[in-house]
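Let me begin by presenting the structure, written as structure tokens, before commenting on it.
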Amino acid sequence: PADREAIEFHTSNPGISAQSGWATIIDQHRILEMSSIDLRQDADERLVSGETENVRRLTLDLSHFEPGEPVTIEIDEHTIEDARPDEDGKLHLIREQADGEWSAADPPDDSDKGPQRYGTFKAAFDHDALLVYGTQGSDEANEWARRKATYDAEVFWYRGNGAFDVMADTDFNADEHPNRSIVLYGNRETNGAWSQLLEDSPVDVSSDGVRVEDRAVEGEDLASLFVRPREDCTRSLVAVVGGTTPAAMRATDRLPYFVSGVGYPDFICFTPEVLRRRESAVQATGYFGPDWSVESGEFAWDADRDDSDADSNGDNDNGCKTGHACGDKPVAGEQE
């Protein structure tokens, strides 16, 4: 309620839980680590004060303040004088660096990460998801894609008592399915719907390999899951379940992404050896940044990992578990 004088709120994922009372966490500095706000308001003094942790963007709904006058913000030992809410009473704040100062900002861009669309891979099965299997590859790749899409739909039917539509790429037209999340099975060459949805994706999966912008992921038979924003709307996602070869595609068959407590990042790439070698078969993994770019995101690469510094418990020289290639975040089906 607007008349709450104080708010203490914690969340690890603004895409799941972002708001408490008159305060909304829009995005984070360290993706999926715990974010906290401890804020107080005084409408008579037109003052908001408090502390935050791991919050990059924050929106305050001050529509209950008397309109037309400036507001003072005292937050994380920084003061913003003469802050003015917009015509809806919203005050948007940003802290570009984790140890930097807060400043007033424009309203968040809905095309960026935010409560309306924050990622991780599993979120692609929201918003009336449509599963589209590829038919443009070899007989083996096409049969895998059809069976995998059908299997995922049936697993969700059994586990979640819900239904996904399943469709061949030859029948798919993006304009006929607005605002729906789309899950593609296959790769750029085997799934004809790729060009409609992922033409500008920084991640590319084909028979030639897996690339993230200009960096090639090392290895053969590379399997991958990743998720990107659907560019023709502001809430839905496009996900890929696939790989460079049929053997790599089959490596995704055992991934339990519908199981409660299991989480996958925005992007992960691994070899079929993941069933035997577990985390050490993960070749690359990460999260896109607040603007969905690779540059502003958090990514880790097996080629950059110095296994000579790992001890028998899987710790490397910087204290990061090799099973958690991005800080302490879950990969390869580990529980969150």
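Quick notes on this one:
- Under 14 Å, Cβ to Cβ, from Asp200 - net charge with Lys/Arg +1 and Asp/Glu -1: -2
- Ordering of 31-39, 185-193 by burial proxy (mean other Cβ atoms within 10 Å per residue, highest first): 185-193, 31-39
- DSSP bridge orientation in segment 91-200 - percent antiparallel, rounded to nearest 5: 25 percent
- Cα gyration tensor shape of segment 80-130, rounded if a/c is under 1.5, else prolate or oblate by comparing a/b with b/c: oblate
- For segment 13-44 versus segment 47-77, the spacing of their alpha-carbon centroids is 11 Å.
- Between 0 and 90°, nearest 10: helix 139-160 axis offset from the chain longest Cα axis: 50 degrees
- Percent RCO, i.e. relative contact order, over the chain, from Cα pairs under 8 Å lying at least 6 residues apart: 12 percent
- Distance between segment 249-263 and segment 87-109 - C-alpha centres, whole angstrom: 37 Å
- Rounded, prolate or oblate (a/c below 1.5 giving rounded, otherwise prolate when a/b exceeds b/c) for segment 227-266 by Cα gyration tensor: oblate
- The chain: Lys pairs at Cα distance under 22 angstrom, eight or more positions apart or on different chains: 6
- The chain: most fluctuating residue of Gly89, Gly114, Gly242 per GNM, C-alpha cutoff 10 Å: Gly89
- Ranked packing of 13-20, 282-289, most packed first, by mean Cβ within 10 Å: 282-289, 13-20
- Within the shell of other residues whose beta carbon sits under 12 angstrom from the beta carbon of Ala247, the net charge comes to -4, with Lys and Arg scored +1 and Asp and Glu -1.
- Shape call, segment 131-252: gyration tensor on alpha carbons, a/c limit 1.5: oblate
Any read-out appearing in this document is the output of simple, stated calculations on the displayed coordinates, not a laboratory observation. Given the structure is predicted, the values throughout are model-derived calculations rather than measurements. FYI the Cβ positions are ideal-geometry reconstructions off the backbone, even for glycines, and counts take in every protein chain you see.
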